[in-house]
Every structure is written in structure tokens, then in C-alpha cells.
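Beneath this line is the structure, given in C-alpha cells, with notes to follow.
The values are calculated or read from the model by the stated rules, or taken from the named source; none is laboratory data. Every value quoted in this text rests on a predicted model; they were computed, and no experiment measured them. Glycine gets a Cβ as well: all are built from the backbone with ideal geometry, and neighbour counts include every protein chain shown. Calculation scope for accessible area: heavy atoms of the full protein, side chains included, ligands and nucleic acids excluded. Shrake-Rupley method; radii C 1.70, N 1.55, O 1.52, S 1.80 Å.
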Amino acid sequence: QVQLVESGGDLVQPGGSLRLSCAVSGIAISIYTMRWYRQAPGKQRELVAASTSGGDTDYADSVKGRFTISRDNAKNTVYLQMNSLSVWDTAVYYCNAYIIYTNYWGQGTQVTVSS
């Protein structure tokens with residue numbers, strides 16, 4: 001049974017930083033691409049960052065240079081370091097794994113950027 005559990009969301013002021021974590025069980029993340037998505041109120045879920053098993057990363061244009069995705073395969077955990085946060089980053093952030101035609105999602109963690 002694949003489970004993804006996000007944590008680290010919080011209320012932060014503009015310009016601040018947060019680090020999200022996604023603890024994964026049921027699979028070894030070392031062989032899979034792992035992704036972070038976000039969904040703001042009234043908007044569609046969007047891809048934020050991806051990390052492949054080979055070590056490549058990719059980012060949405062809106063977060064390039066500010067967000068960093070990383071993984072600790074030994075801990076089976078994926079991270080999203082978010083710097084220079086703006087109000088436009090406010091959303092629920094979800095961890096994702098796509099395995100054998102099935103999307104697995106965590107419950108999400110709320111990030112609110114506000115002064």
C-alpha cells in the first residue's frame with residue numbers, strides 16, 4: 001500500500017521560507033520520479049517541481065530559482081525547499097508518485113503566505 005504524507009506547511013510572511021516534507025511508504029522512491037503539485041483556491045492543480053530517479057529536476061517557471069526539490073532515498077522522503085515566498089504561492093501542496101498508470105497523492109499541506 002503506497003502512502004504519501006506531507007508536512008511542513010504553515011503561515012509565513014512574504015519573502016519567507018518553508019521546507020515541505022513528503023514521507024513515503026510502500027514503495028522505494030529511489031526508482032521513481034517524485035513530484036510536488038499545488039492547488040490554490042479556485043484554480044486547477046499545477047505541477048511545481050519534479051525529481052527523477054536519475055537525479056534530474058524540473059520546475060514550473062513561476063518557481064524557478066526560488067524552490068528546490070530534493071530527496072533522501074535512505075529516508076524515503078522528498079522535500080521542497082521554498083524561498084522568497086510570495087502571496088501567489090499560497091496553496092495546498094501535494095506530493096505525487098505515478099506508478100504503473102496510477103497516481104498516488106498525499107493529503108496535502110497548506111501553505112499560506114500573508115503579512
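Based on Cβ point charges of +1 for Lys and Arg and -1 for Asp and Glu, what charge dipole magnitude is obtained for the chain about its Cα centre, in debye rounded to the nearest 20? Mind showing how you got there, number by number?
On the way: 9 positive and 8 negative charges, 9 e Å.
Roughly 40 debye, rounded to the nearest 20.
What nm value, rounded to one decimal, do you get for the distance between V87 and A40 when each label is placed 7 Å out toward the C-beta?
1.0
Just to confirm, what accessible area per residue do you get for the chain at 1.4 Å probe, in whole Å²?
I get 54 Å² per residue for this part.
Which cross-chain or sequence-distant (5 or more) residues have an amide H under 5 Å from the amide H of I27, H modelled 1.01 Å from N in plane?
Q3
Report the calculated FRET efficiency for S7 and S114 (r = Cβ-Cβ distance, R0 = 22 Å), to the nearest 0.05.
The computed FRET efficiency comes out at 0.65.
Please report the relative contact order for region 1-111, taking Cα pairs under 8 Å with a sequence separation of at least 6, and give it as a percent rounded to a whole number. Intermediate values should be presented prior to the final figure.
Numbers: 253 pairs, mean separation 39.3, N = 111.
Averaging sequence separation for qualifying contacts and normalising by length gives 35 percent for region 1-111.
Near the amide H of V12, under 5 Å away, which other amide H atoms are found, from residues 5 or more places off or on another chain, if H is placed in the peptide plane?
Counting only residues 5 or more places away or on other chains, the set is T112, V113, S114.
Using DSSP to define loop residues, name the chymotrypsin sites (Phe, Trp or Tyr not before Pro) in region 72-115 whose beta-carbon has at most 13 other beta-carbon atoms within 10 Å. Don't skip to the end; give the middle numbers.
On the way: sites: Y79, W88, Y93, Y94, Y98, Y101, Y104, W105; in loops: Y101.
Of the chymotrypsin sites (Phe, Trp or Tyr not before Pro), the ones in loops of region 72-115 whose Cβ has at most 13 other Cβ atoms within 10 Å are Y101.
Would you mind checking which residues have amide H under 5 Å from L85's amide H? H placed 1.01 Å from N; only 5 or more apart, or other chain.
Residues meeting the criterion, in which the H sits 1.01 Å from N, are G15, G16.
Heavy atoms only, probe 1.4 Å: what % of the accessible area of the chain goes to carbon and sulfur, would you let me know?
After summing per-atom areas, the C and S share lands at 47 percent.
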